[in-house]
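Have a look at the structure below, then the notes.
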Amino acid sequence: MTVATEKPESQTKIREILQKYSSVFADGIGKVHGIKGNLHLIDDAKAIFCKARPVPYDLKPKIERELGNLENIGILEKVDTSNWATPIVQVPKKNGKVRICGDFKVTLNAQLNVDLYPLPKIEDIFASLSNGEHFSKIDLRQAYLHMEMEEKSKTYLTKNTRKGLYRYNRLLYGVASAPSIWQRTMDQILQGLPGVHCILDDMIVTGKTDEEHLRNLDSVLQRLQKFGLRAYLEKCYFFKDSVQYCGHEVTKD
């Protein structure tokens with residue numbers, strides 16, 4: 001976490017706000033309250049079952065550990081049978097762990113009626129930030145995994161591993177409809193709040209004055225808490241003169 005303001009009163013207020021909404025920055029993955037994701041198949045869709053792929057020996061214990069962790073917190077569950085099965089793709093992370101993704105391009109994506117809800121245009125976001133003095137940035141924690149899926153859709157998200165079949169209960173990276181489903185959800189969650197914009201898992205907050213910025217930040221965190229979302233505190237920035245957002249440097253100019 002970085003707090004960039006030099007004003008003691010603003011620093012104090014930011015820390016009070018972060019303490020007030022400490023559950024937003026708690027460890028683990030949250031779950032969106034009151035909204036579930038749904039996947040729609042094309043009319044002539046056919047279930048596809050792929051065998052598990054071999055994985056490097058040095059990654060096997062890390063994959064098994066991650067599967068166990070995700071099972072313990074209800075993100076996935078082991079199943080005996082399924083008409084659908086997607087092979088996993090393991091992505092090493094900087095912290096030495098692995099992220100387990102699915103190669104859905106060989107299974108589900110070709111059978112999906114892909115959701116086409118639009119992502120915000122970066123030009124529109126910049127235009128609406130034009131009166132901001134300072135900027136705060138909030139990074140959601142493994143955003144898609146917050147989204148619980150409707151029961152039927154969970155079947156399509158079954159993965160085949162060397163330890164058997166696992167059905168995911170949450171939305172996954174690699175699913176063609178995932179960005180649209182998540183963006184629609186975030187637009188719904190943040191609807192009506194001033195001074196905030198979100199593209200997928202990144203939010204930027206600002207205000208014309210420090211007082212307005214603080215009010216907007218409080219409102220955003222209140223909404224995230226209400227809907228059960230979690231963010232990485234160590235990846236968040238508050239009251240900076242400039243931030244990197246979607247590959248661009250954003251300043252008051």
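Observations on the structure shown:
- Of all residues in region 67-78, those being touching a helix residue (DSSP H, G or I) at 6+ places or on another chain (Cβ under 9 Å) and either part of a helix (DSSP H, G or I) or open to solvent by 30 Å² or more (accessible area, probe 1.4 Å) (or both) number 3.
- Here is the figure for region 90-110: residues that are open to solvent by 30 Å² or more (accessible area, probe 1.4 Å) and under 17 Å from Tyr156 (Cβ atoms) total 4.
- None of Leu193, Leu224, Leu217 is touching a residue at least 12 places away in the same chain (Cβ under 8 Å) and within 30 Å of Asn113 (Cα to Cα) except Leu224.
- Single condition Ala26 does not satisfy, out of (1) out of contact with any strand residue (DSSP E or B) (no Cβ under 8 Å at 6 or more places or on another chain); (2) farther than 18 Å from Ile138 by Cβ; (3) among the aliphatic types (A, V, I, L, M): (2)
- Residue that is modelled with the lowest pLDDT, among those in region 164-187 that are within 15 Å of Phe104 (Cβ to Cβ) and of a type in the set (A, V, I, L, M): Leu172
- For region 145-166, taking the residues that are within 19 Å of the chain's Cα centre (by Cα) and open to solvent by 20 Å² or more (accessible area, probe 1.4 Å), the one that is farthest from Gln11 (Cα to Cα) is identified as Glu150.
- Considering region 1-41, and only residues there that are closer than 27 Å to Tyr144 by Cα, open to solvent by 60 Å² or more (accessible area, probe 1.4 Å) and in a loop (DSSP other than H, G, I, E, B), the residue that is modelled with the lowest pLDDT turns out to be Met1.
- Failed condition for Glu64, given (1) in a helix (DSSP H, G or I); (2) of a type outside the set (Val, Ile, Thr); (3) within 21 Å of Ala178 (Cβ to Cβ): (3)
- Among the residues of region 153-163, those that are out of contact with any Pro (no Cβ under 7 Å at 6 or more places or on another chain) and either at pLDDT 95 or above or of a type in the set (S, T, N, Q) (or both) comprise Ser153, Lys154, Thr155, Tyr156, Leu157, Thr158, Lys159, Thr161.
The values are calculated or read from the model by the stated rules, or taken from the named source; none is laboratory data. Keep in mind it's a predicted model, so treat the numbers as computed, not measured. Ideal geometry is used to build each Cβ from the backbone, glycine not excepted, and the neighbour counts take in all protein chains shown. The area values use the complete protein model at the heavy-atom level, side chains included, leaving out ligands, DNA and RNA. Shrake-Rupley method; radii C 1.70, N 1.55, O 1.52, S 1.80 Å.
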